[in-house]
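The values are calculated or read from the model by the stated rules, or taken from the named source; none is laboratory data. Keep in mind it's a predicted model, so treat the numbers as computed, not measured. Counting neighbours? That spans all protein chains shown, and the Cβs are built from the backbone with ideal geometry, glycine included.
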Amino acid sequence: MSDLRPREAVLRMAAYHPPTDGREGKLRLDFNENTVGCSPAVIAALREYTRTTALPVYPEYGDARRELATHFGVAEDELLLTNGTDEAIQILMNTFVDAGDDVLLLKPSYAMYRFYAELAGAAVREVEYLEPHLDFPAEALTAAIRSDTKALFLANPNNPTGSSTSLDVLRRILDRAPQAAVLIDEAYFEFCGLTALPLIGVYPNLFVCRTFSKAYGLAAMRVGCVFSQAGNIAWLRKAQSPYSVNALAAVAAQAAIRDPDYVSSYVAQVVAARDQIIAGLAGLGLPTYPSQANFVLFRAGDRAVPLRDELRRRGILVRDRGADIDGCVRVTCGTPEHASRFLDEIKELW
Ligand SMILES: Cc1ncc(COP(=O)(O)O)c(C=O)c1O
């Protein structure tokens, strides 16, 4: 037995255990991934890159940064490439949050905000989404912001609720928290179309992040971006490990944005599948929550876990979200064909 003792924050934090094994060969509707894969142009670019003599060399990001900045309509120094959104959250925490600082989150939301806040030793407070429809708690959240709040993390649209909030509400939050780093996580932007990105010029406390893990089908590459005013990005860059983004990930992101038709046609399929799933579940008497993302949260009551297990036996993975909202299951929307497979199975089971 080792005599080593981790930091208090590590001892105290709750462990996060995503099911990471045994998903191969199944219809994966459990992690909000793209269910058909990335653009063939990305595969071609990766092949080409590995044929060059680039692999022995540490990554250079200049080209990718320039191209991504143009694509997203920001200046180059307003963007930081990250190892997925998770790294953006971690860097924000490392840059702005000391042990004991006040960090404000919503509940339920993406688990990694809490994970990195706890790791930093922050004092986390959570404001709950409003039952019965899991609406965004605009009033309660604005009221919860204190003059010593150091950071506020929210996903728009949110996971696992699927709900989103308006730019007006976001402006109110930003106005109320000038001393706090406010991260608006737009991981599901492509399925919703609403973005706070143009507001970075107006609000020096605003950070917006995007990922290539969802609509773009590149979750394995671990690549995303965070946007903010140039001074803020300089702080984040200072706190980032110099080569945390793999050279192949940067190549993949560049190739992905050069094929916008691939993403828009996949997004159109997801939106159709989302309507299909909501209607199909309603037909079975299973209540759903409105969603602007690539998943639907529904209520299965005390049959939620057996339902998940039976679907798994039939080769379809969904995520039990009962720990967040009693009796709820989250299903990722892929193509209409994937939605039909899911609905056919659940019709037999329910
Ligand atoms: C709101 C939200 N942000 C970020 C992520 C993950 O992003 P990444 O793969 O870029 O780390 C997820 C994944 O489920 C998510 O739901």
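Points worth noting:
- One residue from 246, 232 being more than 25 Å from residue 102 (Cβ to Cβ), out of contact with any strand residue (DSSP E or B) (no Cβ under 6 Å at 6 or more places or on another chain) and more than 10 Å from the ligand (Cβ to nearest atom): 246
- Unmet requirement for residue 135, which otherwise passes all of (1) within 13 Å of the ligand (Cβ to nearest atom); (2) over 26 Å from residue 201 (Cα atoms): (1)
- Annotation: residue 186 fulfils all but one of (1) near the ligand (Cβ under 10 Å from one of its atoms); (2) farther than 18 Å from residue 92 by Cα; (3) among the charged types (D, E, K, R); the unmet one is (2).
- Lone unmet requirement of (1) surrounded by 20 or more Cβ atoms within 10 Å (Cβ to Cβ); (2) touching a helix residue (DSSP H, G or I) at 6+ places or on another chain (Cβ under 9 Å) for residue 297: (2)
- For residue 113, the requirement of being in contact with a Leu (Cβ under 6 Å, 6 or more places away or on another chain), of a type outside the set (A, V, I, L, M, F, W, C), within 16 Å of the ligand (Cβ to nearest atom) and over 14 Å from residue 177 (Cβ atoms) is met.
- With respect to being under 28 Å from residue 237 (Cα atoms), within 16 Å of the ligand (Cβ to nearest atom) and touching a Phe, Trp or Tyr at 6+ places or on another chain (Cβ under 9 Å), residue 92 fits the description.
- Matching residues, region 326-350, being crowded, with 21+ Cβ neighbours inside 10 Å and in contact (Cβ under 8 Å) with a residue 60 or more places away in the chain: 328, 330, 331, 332, 333, 334, 338, 339, 342, 346
- Looking at 297, 311, 307, just one residue is outside any strand (DSSP E or B), in contact (Cβ under 8 Å) with a residue 40 or more places away in the chain and in the same structural domain as residue 283 (by TED's automatic domain parsing), and that residue is 307.
- Verdict on residue 164 being near the ligand (Cβ under 9 Å from one of its atoms) and crowded, with 22+ Cβ neighbours inside 10 Å: no
- Residue that is farthest from the chain's Cα centre (by Cα), among those in region 129-147 that are assigned to a loop (DSSP other than H, G, I, E, B) and under 11 Å from residue 104 (Cβ atoms): 146
- Yes/no for residue 226 being assigned by TED's automatic domain parsing to the domain that holds residue 76, buried (at least 17 other Cβ atoms within 10 Å of the Cβ) and in contact with a Phe, Trp or Tyr (Cβ under 8 Å, 6 or more places away or on another chain): yes
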